[in-house]
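All of the numbers you see were taken from the coordinates with simple rules; none came from a lab. Here the structure is a predicted model, which is why all the values come from computation and not from measurement. We place every Cβ from the backbone using ideal geometry, glycine too, and count neighbours over all the protein chains shown.
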Amino acid sequence: MQAPMKPLKLRARDDDDLLVLSSLLQDALVPPQEMRYITSERRFVMLANRFRWEGRGATPPAPPEEGADASFEQDAAALASDLKSQDDGLVYSRVICGLCFDRVRAVRTRGLEQGNEEQPLNLLTVTRGIAAWLLSFSGGAQIRLEGPAIVLHLEDLGEAWPTRWKPSHPRPDGEEEG
């Protein structure tokens, strides 16, 4: 059986760091009620249901050898078999992660519907500009975090769980890509 991946605990201070974290956060689902700006601490925090891109392509565990006393392994192998993607036969996973943006002086939003806190937002990218970081979501919603020296901390919380759904995006030629 393949060893489980360790939870991530990362920090981004510059463009290179942010490029890595942004790719890991692509397609995270973010419930609006799980985002807060703590003015007194100059901190913006949120919880996200993150697709584990770093684990994509994980092969389902092989079934245990016949006759072995391995009920746990058999259960895991059966679950992995049930969760094979219909596209490529691979198992994917998601995990809840906490994000903390420190040194934030102001938060501005665009395209977020008030009163629609039940519908999760699909995070597409996190980018950095001059004295601001931008969180861009599908549908055109954006959150702009302002501050000249923002630092982002990401930490996976709890155990990952398997999923059969791998996010995909339309390419310019109309085909889907993952």
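Taking the Cβ of ILE38 as the center, what net charge do the other residues with Cβ under 14 Å away carry, scoring Lys and Arg +1 and Asp and Glu -1?
Numbers: positive: ARG36, ARG42, ARG43, ARG103, ARG105; negative: GLU34, GLU41, ASP102.
So the surrounding residues net to +2.
What residues qualify as long-range amide H neighbours of ARG43, i.e. H under 5 Å apart, gap of 5 or more or another chain, H built at 1.01 Å from N?
Answer set, sorted by chain and number: ILE38, VAL104.
Around ALA132, with a cut-off of 10 angstrom between Cβ atoms, what is the net charge of the other residues, counting Lys and Arg +1 and Asp and Glu -1? Could the numbers behind the result be given before it?
Numbers: positive: ARG105, ARG108, ARG128, ARG144; negative: GLU146.
With Lys, Arg at +1 and Asp, Glu at -1, the net is +3.
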